[in-house]
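Visitor: This structure is in structure tokens; I'll ask about it shortly.
A short reminder: the numbers here are calculations on the coordinates, not readings from a lab. Computed from a predicted model, the values in this text were never measured in an experiment. Backbone-built Cβ (ideal geometry, glycine too); neighbour counts: all protein chains shown.
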Amino acid sequence: MPTQGTHRRLLRRAAAGCAAVLSLALVCACGTTHAGSSAASAVRPSASASASSSPSASDSPSAHPTAHPAPAPATTAAAPPLAAGAPESSIVYSTATGGRTVALSFDDGPGPATPKILDLLAQYHAKATFCEIGPQAAADPAIVQRIRAAGHRLCDHTVHHPQPMHTLSHDKQTYEIDAAKDMIVKAGGPGTEVSWFRAPGGDFSADNRQIAVQDDLRPLGWTVDTRDWARPGVDKILATAQRQLHPGGVILMHDGGGDRSQTVAALAELLPWLVQQGYTFDFPAS
Ligand SMILES: [Zn+2]
């Protein structure tokens, strides 16, 4: 649809200057350490405990074959919101319906563990959101279609999983988000919707959040970082999830980026625990 595409590009161009100014302001105000800022606490009061540990470490280069070798910055899912008037670019840290619900999210796939995770989710009638790497979706369209057919939802996790992401040029960040979305949509087939964008390492910035919004993607954070990517042991992954979860929370796990056998084993215990605790499964707010 050339008309829509043209419109989108024009909108993006118009917003680019504004986003650049906002980005500059954030750097000036916060330096390189956004984590634990008061602004972040205001956005997600129930998640402040996880803000300092979650995003940068959970997406370490070792966990991602395609990742940029530079270490992730401390900026992250704790990035302050944009100014009032752009609520759609604020980072989502809650389920759509609230109450005693939970949103499961899996990053860095699809990968070899994805079918096992889908089997487990089906067993417990659980729904989840998959934040996919574009080329991996393109390489395995059948699994993307299976995710859709099972009623799960999709999230854009870039093309190359760049870390840090916010230091890339506006054009490069635009490519990372736009092209990944296109790959996921193409892999999923007609009617595929991608509803969220999750920055690698949670490295959200005013710029990449604005780009996402112009692609009809809502920035997606998390409140529970299981740190499963580091393979700390099944018991520890489970205990972390149980300790950090509050009603309406978003759990971060990984179905790609390396050996995810611990994740699968932990999920097999986490799902019945969630059911036992009275949680129902939801999607993130959008
Ligand atoms: Zn990731």
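Visitor: At a Cα cut-off below 13 Å, give the aspartates and glutamates reachable from residue 181, other chains included and same-chain residues fewer than 8 away excluded.
Guide: Within the straight-line limit of under 13 Å, residue 181 reaches these aspartates and glutamates: 132, 156, 193, 215, 216.
Visitor: Between rounded, prolate and oblate, where does the stretch 79-169 land on the alpha carbon gyration tensor, with a ≥ b ≥ c its root eigenvalues, rounded for a/c under 1.5, else prolate if a/b exceeds b/c?
Guide: Taking the square roots of the gyration eigenvalues as a ≥ b ≥ c, the stretch 79-169 is oblate.
Visitor: Once you list every other residue whose beta carbon is under 15 Å from the beta carbon of residue 137, what net charge do they have if Lys and Arg are +1 and Asp and Glu are -1?
Guide: -4
Visitor: Please sort 113-119, 89-95, 276-282 by packing, taking for each peptide the average over its residues of neighbouring beta carbons within 10 angstrom, highest first.
Guide: By packing density, highest mean first, the sequence is 89-95, 113-119, 276-282.
Visitor: How much FRET efficiency would the formula 1/(1 + (r/R0)^6) give for residue 193 and residue 235, where r is the Cβ-Cβ distance and R0 is 41 Å, rounded to 0.05?
Guide: Plugging the Cβ-Cβ distance into 1/(1 + (r/R0)^6) gives 0.65.
Visitor: Summing +1 for each Lys or Arg and -1 for each Asp or Glu, what net charge is found among the other residues whose Cβ lies under 12 Å from the Cβ of residue 247?
Guide: Local charge sum for residue 247: 0.
Visitor: HN-Hα J couplings of the stretch 188-203 from phi, Karplus 6.51/-1.76/1.60, θ = phi - 60°, integer Hz, Gly and Pro as x?
Guide: Rounded to whole hertz, the list is x, x, x, x, 5, 10, 10, 9, 9, 10, 10, 5, x, x, x, 7.
Visitor: Summing +1 for each Lys or Arg and -1 for each Asp or Glu, what net charge is found among the other residues whose Cβ lies under 14 Å from the Cβ of residue 154?
Guide: Net local charge, residue 154 excluded: -2.
Visitor: Do any of 116/172; 172/236; 127/186 go past 31 Å between their Cα atoms, and which?
Guide: Beyond 31 Å: 116/172; 172/236.
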